[in-house]
Ligand SMILES: [Zn+2]
Ligand SMILES: [Zn+2]
């Protein structure tokens, strides 16, 4: 199934325009100095208000974040593992989940982490464009809402059993997010997962759903996970997350959705879900913008 997101009008700064002919997106990790971040954001918003909207990928005129051709290029996940959302040729449990059932109950992801979605996520995270994250979160909210509708269709007396992903779409008791270490958050100016979580809380939850962005904390300033395999990531991560002591009593018996931007190997999802289950959570789902396909 291919859902083309309909983005509402969103503005952007001229500095984010990319040439579609560029084969690789190279982000600049050097952020502006902290004292300049807010004035620059205000200036960016003021410039946005004056400029016509342009597609965040190809710079052609667009009513929303992307022009229609670029929006059509965003990679949907047609089939995936019913537990970890790993893109697969058909919908089934992947070999890894079959062999070692993960601590999380399910991952719901809106897109496959591939071109051109990866460009947008990098702009969102590293080039200080939180509005891109909010726009992408709309598609994730749609995916979750769609799964909720399917859940309703499957509830008794329907004989069709629910998949783990459909269970994941039942409104959680708590929406939390994968935390950033305070130092990285300070550098970036925001936590990308928190921006997505806030949008999802506004659009997918019930009145009883608690929004607890501070539920989890990052203890260590861990080095980049990018070049590590799954086993190395798990080892690296195990000691670096904790449930905030003040909120520990909130976890017991609760269905918790933890929001992340991209699920790569699933190591962060595994460690966090394990932590929350040990603290008494009844169910832990991971909601992410995108899921990385398996590298061969
Ligand atoms: Zn475009
Ligand atoms: Zn799986």
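The values are calculated or read from the model by the stated rules, or taken from the named source; none is laboratory data. Quantities reported herein were computed from a predicted structural model and do not represent experimental measurements. Methodologically, a virtual Cβ is constructed for each residue, glycine included, from the backbone with ideal geometry; neighbour enumeration extends over all protein chains shown.
Things to note:
- Screening residue 111 with (1) over 20 Å from residue 200 (Cα atoms); (2) in contact (Cβ under 8 Å) with a residue 12 or more places away in the chain; (3) not in a helix (DSSP H, G or I) gives one miss only, at (1).
- Residue check, residue 190 assigned to a loop (DSSP other than H, G, I, E, B) and at pLDDT 95 or above: no
- Of all the numbered requirements in (1) in contact with a helix residue (DSSP H, G or I) (Cβ under 9 Å, 6 or more places away or on another chain); (2) farther than 21 Å from residue 141 by Cβ; (3) buried (at least 19 other Cβ atoms within 10 Å of the Cβ), residue 273 misses one, and that requirement is (1).
- Residue count for segment 254-284, restricted to those that are assigned to a helix (DSSP H, G or I) and in contact with a strand residue (DSSP E or B) (Cβ under 8 Å, 6 or more places away or on another chain): 8
- Residue 94 away from ligand 1 (no atom under 16 Å from the Cβ), touching a helix residue (DSSP H, G or I) at 6+ places or on another chain (Cβ under 6 Å) and either within 16 Å of residue 264 (Cβ to Cβ) or without any contact (Cβ under 8 Å) to a residue 12 or more places away in the chain (or both): no
- Of all residues in segment 199-217, those being under 25 Å from residue 183 (Cα atoms) and assigned to a strand (DSSP E or B) number 3.
- Residue 68 being within 16 Å of ligand 1 (Cβ to nearest atom), out of contact with any strand residue (DSSP E or B) (no Cβ under 9 Å at 6 or more places or on another chain) and on the phi < 0 side of the Ramachandran plot: yes
- Check on residue 89, within 16 Å of ligand 1 (Cβ to nearest atom), out of contact with any strand residue (DSSP E or B) (no Cβ under 9 Å at 6 or more places or on another chain) and farther than 22 Å from residue 285 by Cβ: no
- Residue that is modelled with the highest pLDDT [pool: residues in segment 65-92 that are crowded, with 17+ Cβ neighbours inside 10 Å and over 19 Å from the mean Cα position of the chain (by Cα)]: 88
- Residue selected from segment 226-240 under the condition surrounded by 15 or more Cβ atoms within 10 Å (Cβ to Cβ) and touching a helix residue (DSSP H, G or I) at 6+ places or on another chain (Cβ under 6 Å), by the criterion modelled with the highest pLDDT: 237
- Set 45, 49, 62: member being more than 21 Å from the chain's Cα centre (by Cα), modelled with pLDDT under 90 and within 16 Å of ligand 1 (Cβ to nearest atom): 62
- In a residue-by-residue description of segment 5-27, the property of being within 22 Å of the chain's Cα centre (by Cα), at pLDDT 50 or above and surrounded by 12 or more Cβ atoms within 10 Å (Cβ to Cβ) applies to no position.
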